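Have a look at the structure below, then the notes.
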């Protein structure tokens, strides 16, 4: 199974540098839609409810203290994602990446 860092790496390769908050939300929505569309999780790490939105602590530890995150900062492997996983993440990025990171729907 992919890790949250693999998913984050793929998102950043696809979307370019993002704010830490937006990256966390895109990871969250990718996980949620994978559960709905593909009937399986993208990654095993837990998502926590923080004051400003969903956070995966393992990803947070990588970008802690940074506003912007780019793919070079993430030690993940996007090539481990399956075609279905990439398609799910692509659809999430297409819809949510245009939205403001502080809104309730990214």
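The values are calculated or read from the model by the stated rules, or taken from the named source; none is laboratory data. Since we're looking at a predicted model, the values are computed, not measured. Ideal geometry is used to build each Cβ from the backbone, glycine not excepted, and the neighbour counts take in all protein chains shown.
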Restrict the check to segment 13-21 and report whether at least one residue is in contact with a strand residue (DSSP E or B) (Cβ under 6 Å, 6 or more places away or on another chain), at pLDDT 95 or above, surrounded by 13 or more Cβ atoms within 10 Å (Cβ to Cβ) and assigned to a helix (DSSP H, G or I).
yes
Tally time: how many residues in segment 58-98 are surrounded by 15 or more Cβ atoms within 10 Å (Cβ to Cβ), modelled with pLDDT under 95 and not in a helix (DSSP H, G or I)?
1
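Does segment 29-41 contain any residue that is under 20 Å from residue 72 (Cα atoms) and touching a helix residue (DSSP H, G or I) at 6+ places or on another chain (Cβ under 8 Å)?
No - not one qualifying residue is present in segment 29-41.
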Among residues of segment 26-57, those that are in a helix (DSSP H, G or I), surrounded by fewer than 15 Cβ atoms within 10 Å (Cβ to Cβ) and touching a residue at least 40 places away in the same chain (Cβ under 8 Å), counted:
2
